[in-house]
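The values are calculated or read from the model by the stated rules, or taken from the named source; none is laboratory data. Nothing here was measured: the structure is a model prediction, and the numbers come from that model. Cβ: placed from backbone, ideal geometry, glycine included. Neighbour counts: every protein chain shown.
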Amino acid sequence: MSDVTVKQLAEVLGISVEKLMEQLKSADIPAKSETDTIDNDSKVKLLEFLRGAHGKEKKSLSPRKKVVLKRKSKEVLTVSSGSGISKTKNVNIEVKKKKRSVAPSQSEMAEIEQEREAARRALEERRQQLEAEEKAKEQAAREKIEEERRRTEAAEQAAQAAKEQAEAEAQAEAETTDDETGYEDVEADVSEDAESDDSAEEDTEESEHSDKDSAESLSEEELEEQRREQMVRMQVEKAVQERANRKRRESEKPSRGRKGRKHAEDDDGDTRYGRKQLHVKGGKSRGGKKVTTAASESHGFQKPAAPVVKTVAIPEHITVADLAKELSIKASDVIKVLMNMGMMVTINQPLDQDTAILVVEELGHKAEEAVIQSKAEKLKEETEKEIDSSEAETRPPVVTVMGHVDHGKTSLLDYIRKTKVTGDEAGGITQHIGAYHVKTPKGVISFIDTPGHAAFTAMRARGAQVTDLVILVVAANDSVMPQTKEAIDHAKAAGVPIIVAINKIDLPEANVDKVKQDLAAHEVVPEDWGGDTQFIEVSAHTGQGIEDLLEAISLQAEVMELTAVKNTAATGIVVESSLDKGRGPVATVLVKSGTLKKGDMILCGEEYGRIRSLIDENGQNIKSAGPSIPAVVLGLSGVPTAGDEFLVVKNKKEAREAAQENREQERETRLKRQQAAKLENLMSQMGQEERITVNIVVKADVQGSVEALKDSLEKISNEEVEVKVISSGVGGINNADAQLAAASNAIIIGFNVRADKVARETIKESDLDLHYFSIIYEAIDQVKAAVTGVLGTETKEEIIGIAEVRDVFRSSKFGTIAGCLVSEGVVKRDNPIRVLRDNVVVFEGELESLRRHKDDVKEVQSGTECGIGVKQYKDVQVGDQIECFERIEVQKTLD
Ligand SMILES: Nc1nc2c(ncn2[C@@H]2O[C@H](COP(=O)(O)OP(=O)(O)OP(=O)(O)O)[C@@H](O)[C@H]2O)c(=O)[nH]1
């Protein structure tokens with residue numbers, strides 16, 4: 001630092017020149033004017049002076065900081081005053097005690113720190129010492145246990161050896177007269193070889209002695225015998241030694257192992273025979289035994305290293321108890337898992353396969369679906385075995401016509417078949433699947449007629465399964481509609497190719513390009529656009545393009561190379577079924593392979609029977625139906641279910657038994673499903689009371705309608721309501737149906753069927769809800785309406801007006817008043833309001849006042865200014881919005 005003037009220094013220090021001059025003077029530093037220079041020494045001097053003045057120097061010099069604790073005590077002293085009335089005077093004396101606590105100096109602190117460090121070290125050493133002692137103790141304990149184990153083992157060996165030796169001796173005694181000496185000699189020799197302690201050596205000496213004494217008296221034969229025995233003993237001894245070594249290696253502590261073994265050998269000798277190696281004699285026979293013992297010992301103490309994972313085969317239904325048994329656990333454990341999964345179950349409750357599999361997996365085991373082959377499956381397998389695929393011939397394609405309602409499916413089929421079907425249909429809608437085959441110039445084509453309404457979704461899906469290709473009918477004036485999309489989905493899901501028939505091209509408003517565009521958007525791309533789908537323009541009215549369509553079908557069929565074996569027992573699928581008053585059960589079947597003949601015995605799901613009549617689609621009796629040909633079958637034991645597979649079987653007995661088994665299985669499954677459903681109901685009512693279940697009993701004229709209604713009705717279900725078809729079937733409504741409906745509070749739906757007299761009485765008595773329908777969608781609409789009624793009402797809020805806060809006034813009389821302009825709707829005095837700031841609700845409450853000018857008003861309309869006082873809210877600000885709303889009760893709907 002260089003010399004500075006007084007003025008510069010004053011500036012640096014931030015004090016006045018005068019003050020600095022004073023300080024310089026006090027510090028004895030000569031400076032007369034502000035231009036005088038101050039050198040470095042003077043600056044240091046000034047600094048020291050200033051420190052001294054502020055007491056800093058003193059503080060830093062002070063060696064110790066003293067903390068003084070004072071305690072006062074007071075005393076009264078009586079003294080003589082020497083004047084006045086009273087000669088004595090009381091004087092208060094306050095005694096203050098002082099306690100000094102001296103903070104340690106730095107050196108003391110260092111000492112303390114050292115002591116602490118030493119103490120820490122000592123503690124650490126002690127801890128380590130203790131640890132080492134602990135370890136040593138543990139080691140010793142382990143060694144002791146090991147020692148014990150060896151000793152026991154050795155004792156066992158010795159005992160065993162002694163036993164065998166005793167037996168051998170007894171035997172030997174019987175055979176020879178002078179054998180004992182010989183044994184002792186041999187043993188003594190062996191002992192010499194073996195590692196042993198003093199006592200063993202003593203034994204050896206004794207043995208050697210006796211050996212010498214007796215050697216001369218032994219004959220050569222006896223000596224030979226002894227040598228042989230000795231050899232045997234040595235071999236056995238070697239085996240024992242090896243075993244011990246192996247054990248020692250296994251125990252991973254070689255030194256201790258050896259020591260322990262020695263000890264054990266000491267004990268070995270300590271038998272009632274006083275011999276060291278009594279086990280030698282029985283060595284030969286014991287070699288195997290010993291190994292067995294060792295093996296059993298080592299296995300006896302092994303714990304499973306990992307949890308045992310079981311693989312359980314799960315049937316379609318299994319009770320909680322049975323599942324627990326399969327898993328070898330308590331039923332309560334299974335119940336616990338189910339509870340965690342949100343299911344309350346009882347021990348005897350059947351679980352469906354999926355649930356049971358979940359439980360098994362949750363418990364860490366593996367589950368697989370049980371494959372139990374039914375009689376029907378076995379029969380099918382036998383039939384398939386007989387089919388010689390080398391005899392396969394080309395078969396006609398099976399075509400399903402799909403499309404949106406009224407796009408012209410029936411008209412198209414009608415045109416192709418040259419018959420009129422459209423006119424006979426109730427409500428103009430096709431209501432059940434029919435199958436027909438037509439002979440075209442391009443060959444035979446079989447058509448399955450699927451209805452156009454969404455209610456038939458289930459049947460359509462099934463149709464796509466038996467079908468080889470789908471004709472998607474799209475009206476050129478209507479283009480792609482919801483059911484068109486559904487049809488595309490079904491065809492794609494079944495992996496069936498589509499041929500698009502753009503229908504109604506005779507209409508002036510026909511727009512073929514739009515249809516193509518719309519379908520392309522759903523990944524059905526025309527060939528001329530680079531896609532793989534044939535698009536044929538047709539008119540079911542004029543017949544235009546129909547030939548092209550048939551050609552396209554044949555072409556597609558050719559590409560697909562459809563074949564089947566003709567000369568074999570027939571198999572196929574039930575397309576439709578019903579109960580005919582005169583003819584009994586009627587089933588429309590489609591032959592998949594083989595030839596179905598009149599007089600064949602067929603098994604058809606739960607039904608069976610000999611074919612009494614085989615009729616074609618024109619009502620003509622036929623003798624047989626080959627692959628891809630539909631036919632109506634009469635003679636079955638009951639009405640089969642549409643979608644059931646049929647197959648020709650050899651005899652009635654087989655068919656009856658298989659059908660019976662199918663029926664039992666179905667009944668069992670149904671019962672279990674019902675039971676599960678009931679319990680589910682109970683649960684849903686207990687847990688979530690809001691969900692309402694609407695039970696329905698469905699009866700219809702044909703199986704297809706039953707399926708379609710069931711499927712569509714159950715689809716009405718949503719989060720709040722569950723529509724459950726508890727029973728369904730073909731035929732009139734009988735008393736059993738009515739009683740079931742009464743017991744489960746169900747609605748009865750009759751589709752083209754009526755209730756009989758007894759059922760009507762029960763329905764009347766129980767005041768049941770019965771509806772008759774002949775058009776599917778009407779049934780669905782009515783159920784929807786009924787369900788909506790069940791739902792009840794809900795409260796909804798509706799904003800009726802909004803007022804913008806333009807100004808805020810505060811008056812002592814009215815409190816905070818917001819000057820507003822009603823910008824939307826109407827603000828009503830008695831309705832609830834919310835205050836919004838930047839579209840966020842900041843307050844919800846009600847109005848205290850609503851005024852126009854000076855008048856209280858009931859409501860203020862949009863575009864009008866008003867003053868609003870909000871009850872219990874004073875923080876209203878300019879720019880806020882006051883939203884006025886009302887709560888209204890509305891009927892809940894399903895959508
Ligand atoms: N102009 C014209 N009308 C047609 C054509 N094809 C069908 N229609 C008419 O369209 C209406 C519906 O025809 P349907 O054959 O019943 O239609 P769908 O698709 O079978 O209908 P659903 O059976 O109700 O599903 C009828 O009035 C037919 O006359 C056509 O090519 N041109």
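Condition check for T795 on (1) under 30 Å from R837 (Cα atoms); (2) in contact (Cβ under 8 Å) with a residue 24 or more places away in the chain; (3) surrounded by fewer than 16 Cβ atoms within 10 Å (Cβ to Cβ); (4) more than 40 Å from the chain's Cα centre (by Cα): one failure, at (4). Taking residues in segment 391-413 that are within 16 Å of I502 (Cα to Cα) and in a loop (DSSP other than H, G, I, E, B), and partners anywhere that are more than 7 Å from the ligand (Cβ to nearest atom) and among the aliphatic types (A, V, I, L, M), the pairs with Cβ atoms closer than 7 Å and at least 6 places apart or on different chains are H404/M481; H407/V474; H407/A475; G408/A475. Being charged (D, E, K, R), more than 16 Å from the ligand (Cβ to nearest atom), modelled with pLDDT of 90 or more and farther than 30 Å from E382 by Cα narrows it down to one of K598, K514, so name that one. None of the other options fit; the residue is K514.
When you scan segment 419-434, do you find a residue that is at pLDDT 80 or above, within 13 Å of the ligand (Cβ to nearest atom) and touching an Asp or Glu at 6+ places or on another chain (Cβ under 8 Å), even just one? No, that holds for no residue. Of all residues assigned to segment 471-486, none qualifies as being closer than 18 Å to T400 by Cβ, touching a residue at least 40 places away in the same chain (Cβ under 8 Å) and away from the ligand (no atom under 14 Å from the Cβ).
Screening segment 3-99 for helices (runs of 4 or more DSSP H) wholly inside it with 1 or more residues that are at pLDDT below 85 and under 30 Å from M109 (Cα atoms) returns the ranges 40-53, 56-61. The number of residues in segment 528-547 that are touching a residue at least 60 places away in the same chain (Cβ under 8 Å) and more than 16 Å from the ligand (Cβ to nearest atom) comes to 0. Of the residues in segment 548-571, none is buried (at least 16 other Cβ atoms within 10 Å of the Cβ), within 16 Å of the ligand (Cβ to nearest atom), part of a strand (DSSP E or B) and within 48 Å of the chain's Cα centre (by Cα).
Within the option set R829, R887, R834, R852, being touching a strand residue (DSSP E or B) at 6+ places or on another chain (Cβ under 7 Å), of a type outside the set (D, E), farther than 30 Å from E722 by Cα and surrounded by fewer than 16 Cβ atoms within 10 Å (Cβ to Cβ) holds for one residue only, R852. Checking A736, A677 one by one, the residue that is over 36 Å from the mean Cα position of the chain (by Cα), surrounded by fewer than 19 Cβ atoms within 10 Å (Cβ to Cβ), modelled with pLDDT under 80 and aliphatic (A, V, I, L, M) is A736 and no other. Quick check on A631: is it touching a helix residue (DSSP H, G or I) at 6+ places or on another chain (Cβ under 9 Å) and either of a type outside the set (D, E) or within 19 Å of L579 (Cβ to Cβ) (or both)? For A631, the condition - touching a helix residue (DSSP H, G or I) at 6+ places or on another chain (Cβ under 9 Å) and either of a type outside the set (D, E) or within 19 Å of L579 (Cβ to Cβ) (or both) - is not met.
Looking only at residues of segment 379-416 that are more than 15 Å from the ligand (Cβ to nearest atom) and of a type in the set (K, R), we find that the one that is nearest to the chain's Cα centre (by Cα) is K380.
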